[in-house]
Amino acid sequence: MGLKRRNFLKTLGAVGSTLTVGKSFGATSKKEEDIEFYGILYDSTLCMGCQSCEFACAEHYGLPNPEDMPEQGVVRKPNESRRLTINAFNTSKGEQYMRMACNHCNSPACASACLTKAMIKTDEGPVIWREEKCMGCRSCIISCPFDMPKFEYDSPNPKIQKCRMCFELLKEGKKPVCIENCPADALLFGKRRDLLEIARARIYADPENYNHEIYGEHDVGGTGVLYLASVPFEELGFRKDLGKVSYPELNKTFLYSVPAVLILWPAFLLGLRNSRVKENETKPIKE
Amino acid sequence: MNREQHTGFIPFIKRELKPKGKIVTPFNIIAAITIFAAIIILVIRFTNGLGSVVHASQERPWGFWINFNVITGVAFAGGAFVVTFMVYIMGMEKYRPIVRATILYALLAYMFYAGALLLDLGRPWKVINPIIGNSFGLSSVLFLVAWHFILYMGSLFIEFSPTITEWATLKRPRKFVASLTLAVVIFGIALSTLHQSGLGALFLMAKPKIHPLWYSEFIPILFFISSIFAGLSLVIILETIGRRVFKKEMSATHKNSHSNIMIGLARICSITMFVYLFMVILVFLHNKGLNYINSPWGYWYLVEVIGFVLIPCLIFLFGFKRLNLNLVRIAAGISIIGIILNRLNISTFTYQWYENTIHFPTWMEIVVSAAVIFVQILVFRWIVRRMPVYNEPPGWAIDVKKEQIIYN
């Protein structure tokens, strides 16, 4: 037989999956589906809270060094002078650390809210902000479910500060600085697909130690930064009400109705007005 | 006034630029002080950054200038598309006297509120980017709103330009711009439908941040419907004030039609508010709002919906049933406050409601917002005192037969 059973199943699977993908992402072209995003895997169980990543990030981008330490009960949010923070949480399994920075969503709300395409999802995976395009309207901040883009309120030439997954280094074939500088190997860099497999393997190999969930696998439509932890993510400051659907989907119905309204509404109005005028015109003839 | 007699265009403009009426009045003094203070505040804002003037917060990125002047102010400019719809599309000739003032108000509102948007932009020198086409963010609701603002301002300007040409006695240009009226009216209604709802759609992606009683996927529709009665309520207030302030400039026919128009507008307002309430209740049930109603936010929601939508809706109803103009005016005032509450509830008060901090604008933000409104009023007054807005158009421009062919 020309077609082996194994190959047959493979083909069947491939056809099946393209059919389902074709249904949900009708608009994306084949080429876009081939793009594989890079991502970061953060394993909270390995993190020591040493802040090496914070220092490396601050140094690389010329931002002030962090002066405070991770402390239980205090959430150190990223802001306009720091793009990345590590926080300590008191959990059911003792003190645990968690990273806070841009999650580089697969389908980012900030990029879809941006009217100048200053915020874009690159083919490589990082969501980056481009100074020459941005007009500072801050709708990216309104839209981001994680509140990650930060605006320099105290500058006459303000910029948006957020993690850019060291996009320039990525293009040179290097890794982001936070990953290069992590002494505990809590951060991994690679293709998102590979990272998901690694994460699953870790959970499988040590089911007692891990909470059986990879945050970012499906949340808000999937994120570039994936998280592993030993406790449920609610205990680590995550919101679990953000949903699994990508945020630009929330706009879709409205945006799809725009061309329909622009075409049908004027036609309807003109028809309405003309029918009325004709009525008036025909009246005197009848009388 | 015989405008045919002036000798040249430049002397005419020079004469018209001179202030008419008393210069030192309480209103003018307050306006001048506010505008002067606002200029100083804006100099500080552009030299030291937004944070030096506004209540800056990474959690609430949009301050008072966007949430009040733009998101709220534009709802009140909705009167123009409703009134032009009634007069030019539906042929409700009764409302023709108020068309010009309503269009003028909306034109100025869009000009100055879009201006307020520029003040709030962090990098306003880049504002040209989404317009010239080097970076079209086509998936962005704000992109749509920005373009619709620009196009609608153009439409409103064309809708208003017959008045300008009458003032400057430009007979042939008047013919041309008047012939465009129907086209721009239809275009303008379509644009308004989309950007009034678009202002609501700006908050669609802020789903986890807005209180579930105020957030729904129907925000765009609610914004559109409420802009109809917001705009008309403002027209009612505007006419009430205009009749007193611009006595000299108002024609006798306009004065005589006043009460008739008011009652008619009250009727439309109460019907629209009824439809809006119906939608609000549907959304409330659809989002399982009962789960949230027994909380301080829930009571606040009831205050907004009952106190500032249901009650003015009923007052409008009584107003037009009993032909009582004062009731109509009171209802218009309450529903204006209700719209301000609704827009600010979504954009400011319940935004990041779980943080349990109330976000107040600084006094400087309020001064600038007030100054923007004062400038709008001053320009409105300047135009009304010179151009036939409330007054009859000059004799040469009235061509009853032709008007009917063009407009009716």
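The values are calculated or read from the model by the stated rules, or taken from the named source; none is laboratory data. Here the structure is a predicted model, which means the values were calculated and not measured. Ideal geometry is used to build each Cβ from the backbone, glycine not excepted, and the neighbour counts take in all protein chains shown.
Just give me the residues in the range B:340-360 being out of contact with any Lys or Arg (no Cβ under 8 Å at 6 or more places or on another chain), polar (S, T, N, Q) and either in a helix (DSSP H, G or I) or surrounded by fewer than 19 Cβ atoms within 10 Å (Cβ to Cβ) (or both), in sequence order. Selection gives B:N342, B:N345, B:S347, B:N356, B:T357.
With respect to the conditions (1) in a loop (DSSP other than H, G, I, E, B); (2) at the interface with chain B (Cβ under 10 Å from one of its Cβ atoms), A:V277 lacks only one, and its number is (1).
Against the list (1) under 15 Å from A:E80 (Cα atoms); (2) in contact (Cβ under 8 Å) with a residue 60 or more places away in the chain; (3) under 13 Å from the mean Cα position of the chain (by Cα), the condition A:K150 fails is (3).
All of A:F238, A:F189, A:F254 fail the test of being among the aromatic types (F, W, Y), without any contact (Cβ under 8 Å) to a residue 12 or more places away in the chain and surrounded by 13 or more Cβ atoms within 10 Å (Cβ to Cβ), apart from A:F254.
Scanning the range B:271-323 for residues that are buried (at least 16 other Cβ atoms within 10 Å of the Cβ) and polar (S, T, N, Q) yields B:T272, B:N287.
Is there a residue in the range B:138-161 that is more than 24 Å from the chain's Cα centre (by Cα) and more than 8 Å from chain A (Cβ to nearest Cβ)?
Yes: one or more hits.
Candidates in the range B:370-408 are the residues that are more than 21 Å from B:S257 (Cβ to Cβ) and among the aromatic types (F, W, Y); of these, the one that is modelled with the lowest pLDDT is B:W396.
Would a scan of the range A:88-104 turn up a residue that is closer than 23 Å to B:L144 by Cβ and in contact (Cβ under 8 Å) with a residue 40 or more places away in the chain? No, the range A:88-104 contains no residue that is closer than 23 Å to B:L144 by Cβ and in contact (Cβ under 8 Å) with a residue 40 or more places away in the chain.
Going by the conditions given, is A:T116 under 30 Å from B:A201 (Cα atoms), more than 14 Å from every other protein chain (Cβ to nearest Cβ) and β-branched (V, I, T)? Answer is no for this residue.
Can you report the number of residues in the range A:50-80 which are more than 20 Å from the chain's Cα centre (by Cα) and within 24 Å of A:K174 (Cα to Cα)?
Counting residues in the range A:50-80 that are more than 20 Å from the chain's Cα centre (by Cα) and within 24 Å of A:K174 (Cα to Cα) gives 15.
Taking the range B:118-137 as the range and being at the interface with chain A (Cβ under 9 Å from one of its Cβ atoms) and surrounded by fewer than 23 Cβ atoms within 10 Å (Cβ to Cβ) as the test, the residues that pass are B:L121, B:G122, B:R123, B:P124, B:W125, B:K126, B:V127, B:I128, B:N129, B:N134, B:S135, B:F136.
When B:A77 is tested against the conditions (1) in contact (Cβ under 8 Å) with a residue 24 or more places away in the chain; (2) away from chain A (no Cβ under 14 Å); (3) of a type outside the set (D, E); (4) farther than 20 Å from B:S335 by Cα, the lone failure is (4).
Yes/no matrix, rows are residues, columns are (1) on the phi < 0 side of the Ramachandran plot; (2) without any contact (Cβ under 8 Å) to a residue 24 or more places away in the chain; (3) out of contact with any helix residue (DSSP H, G or I) (no Cβ under 7 Å at 6 or more places or on another chain):
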residue	(1), (2), (3)
B:K94	yes, no, no
B:V99	yes, yes, no
B:A109	yes, no, no
B:A114	yes, no, no
B:L121	yes, yes, yes
B:P124	yes, yes, no
B:V127	yes, yes, no
B:S140	yes, yes, no
B:W147	yes, yes, yes
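One residue stands out among those in the range A:132-147 that are without any contact (Cβ under 8 Å) to a residue 40 or more places away in the chain and of a type in the set (G, A, S): the one that is farthest from the other protein chains (Cβ to nearest Cβ), which is A:S139. If you go through the range B:42-71 and keep only what is more than 8 Å from every other protein chain (Cβ to nearest Cβ), outside any helix (DSSP H, G or I) and of a type in the set (V, I, T), you end up with just B:V53.
For the range A:193-212, a tally of residues being surrounded by fewer than 17 Cβ atoms within 10 Å (Cβ to Cβ), more than 20 Å from A:M165 (Cα to Cα) and not polar (S, T, N, Q) returns 10.
Among residues of the range A:153-180 being within 15 Å of the chain's Cα centre (by Cα) and of a type in the set (D, E, K, R), the one that is farthest from the other protein chains (Cβ to nearest Cβ) is A:R164. The set of residues from the range A:128-163 being basic (K, R) and either touching a His at 6+ places or on another chain (Cβ under 7 Å) or buried (at least 20 other Cβ atoms within 10 Å of the Cβ) (or both) comprises A:K133, A:R138, A:K150, A:K162.
Among the residues of the range B:105-144, the ones that are of a type in the set (G, A, S) and farther than 21 Å from B:S192 by Cα come to 3 in all.
For every residue, the table says whether it meets (1) within 25 Å of A:P248 (Cβ to Cβ); (2) part of a loop (DSSP other than H, G, I, E, B); (3) among the aromatic types (F, W, Y).
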residue	(1), (2), (3)
A:Y153	no, yes, yes
A:P156	no, yes, no
A:R164	yes, yes, no
A:L169	no, no, no
A:K175	no, yes, no
A:L188	no, no, no
A:A201	no, no, no
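Filtered by the rule that a residue be part of a loop (DSSP other than H, G, I, E, B), among the polar types (S, T, N, Q) and touching a Pro at 6+ places or on another chain (Cβ under 8 Å), the range A:50-99 gives A:Q51, A:S81. Tell me, please, whether a residue that is assigned to a loop (DSSP other than H, G, I, E, B) and at pLDDT below 55 can be found in the range A:29-49. The answer is yes, given that some residue of the range A:29-49 is assigned to a loop (DSSP other than H, G, I, E, B) and at pLDDT below 55. Number of residues in the range B:187-231 that are over 19 Å from A:V245 (Cα atoms), of a type in the set (A, V, I, L, M, F, W, C), touching a Ser or Thr at 6+ places or on another chain (Cβ under 9 Å) and within 7 Å of another protein chain (Cβ to nearest Cβ) equals 3. Looking across the range A:167-177 at every residue that is touching a Phe, Trp or Tyr at 6+ places or on another chain (Cβ under 9 Å) and in contact (Cβ under 8 Å) with a residue 40 or more places away in the chain, the one that is farthest from A:A56 (Cα to Cα) is identified as A:L170.
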